Amino acid sequence: MTDDRLHEQRLSDTRGSGAGIAFFKWWYRAFGYTHTEVLVWIVTFFYMLFDSAARKKVDPYIRHRFPKAGVLARCKHRWFIFAHQGMCLLWQELYDQLGRTYEVVYDSEEAYRISQSETAGVVLYSHFGPWQLMMRTLVTTRNFINIMAQDDRNTNVDKMKIFSEKALAEKAAQVSTAPGNLLALQQALERGEFIALMGDRNFEPSPLAVDYLGETAYFPIAAFHLAARAKCPVLCMFAHYDGRSYVMECCEPMHPEMKGRNREQLRPYLERYTKHLEKLCMDYPYDCFSMTNHWTR
């Protein structure tokens with residue numbers, strides 16, 4: 001992992017000012033949720049027109065998810081993705097006022113049992129749907145959880161600020177993505193704690209190549225590597241909004257095994273993750289917010 005990659009400017013570094021968020025909150029109090037949602041769509045329309053950096057970030061996904069889209073269709077897809085992302089940020093800011101609930105769906109009894117156990121485990125999540133709200137749900141696990149996440153230089157959209165709440169701070173801690181901190185995650189597993197990593201943002205020098213949305217793409221395998229070494233399960237968790245509530249799906253657990261240093265042994269586990277992510281992209285195409293080019297190294 002290089003310093004250049006660590007300090008590469010992200011869209012969240014320059015979007016989402018304190019004044020802008022305060023204005024949306026005031027608008028919500030003055031005019032209600034429906035009018036606030038309309039305002040999000042209006043503002044993101046101008047992002048689609050004039051924010052070339054945002055377009056550049058989202059276009060690789062659009063080219064693969066909508067390969068036959070023409071110029072106008074690509075504009076629509078960009079707008080819809082920006083609007084859906086804006087709504088997710090709004091839900092995060094207004095979570096308590098909106099009074100909406102989230103639902104946790106377990107694909108098996110084993111998934112629920114592991115989530116409520118006090119033994120080591122790896123949680124793999126993604127930049128999909130209201131994933132920042134899902135971080136609240138991560139602490140529904142019985143065990144203490146260590147979340148590897150990049151520090152947000154823009155404190156107005158800091159995804160970790162929810163853990164300033166005392167009840168959540170007692171259940172979770174942030175681990176920086178700085179070089180060498182995978183060792184901190186390994187030590188957390190040795191202590192019998194949970195760790196959580198992003199599965200769709202690659203900072204590894206040698207990611208594995210898998211088929212994703214019709215072309216070879218590159219994804220990290222750190223989560224599976226750590227789980228194999230610690231002999232603990234991996235729980236893949238995905239968030240989406242079904243129109244009524246926030247849903248977090250906890251998939252069937254994986255139990256990675258790896259003998260020696262042959263990383264190819266981890267490919268089946270990675271493919272299970274990317275296939276599920278691909279299915280979500282097909283079902284909810286405008287909720288994919290990874291904003292990265294998976295198809296280049």
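Just so you know, all these numbers are worked out from the coordinates, no wet-lab data involved. Everything quoted here is computed from the prediction, not taken from an experiment. Glycine also receives a Cβ, built like all others from the backbone with ideal geometry; neighbour counts cover every protein chain displayed.
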Take each of the peptides 288-296, 183-191, average the number of other beta-carbon atoms within 10 Å over its residues, and list them starting from the highest. 288-296, 183-191
Long-range amide H contacts for Gln174: which residues qualify at under 5 Å (H placed 1.01 Å from N, peptide plane, sequence gap of 5 or more or a different chain)? Ile147
Evaluate E = 1/(1 + (r/R0)^6) for Glu271 and Thr296, where r is the Cβ-Cβ distance and R0 equals 30 Å; express this FRET efficiency to the nearest 0.05. 0.95
As a percent rounded to 5, the proportion of antiparallel DSSP bridges among beta bridges in region 101-287 is 35
Can you sort Lys231, Lys76, Lys259 from fewest to most other Cβ atoms within 10 Å of each residue's own Cβ? Lys259, Lys231, Lys76
Hey, rough spin-label estimate for Ser108 and Leu49, points 7 angstrom out along Cα→Cβ, what's it come to in nanometres? 5.1
Would you please give the residues with an amide H less than 5 Å from that of Phe144, counting only those at least 5 places away or on a separate chain, with H modeled from the backbone geometry? Phe194
Pop the C-beta distance of Glu264 and Gln97 into the FRET formula with R0 = 51 Å and round what comes out to the nearest 0.05. 0.55
Quick one: if the Förster radius is 35 Å, what FRET efficiency do Thr119 and Arg244 give, using the C-beta to C-beta distance and rounding to 0.05? 0.55
Compactness of region 185-237 - radius of gyration and Dmax, Cα, Å: 12.5, 40
So what J values fall out for region 199-204 if you push phi through Karplus, 6.51 cos²θ - 1.76 cosθ + 1.60 with θ = phi - 60°, rounded to Hz, Gly and Pro as x? x, 10, 9, 9, 10, 8
The long-range amide H neighbours of Phe289, using H built 1.01 Å from N in the peptide plane and a cut-off of under 5 Å, are Phe128, Gly129
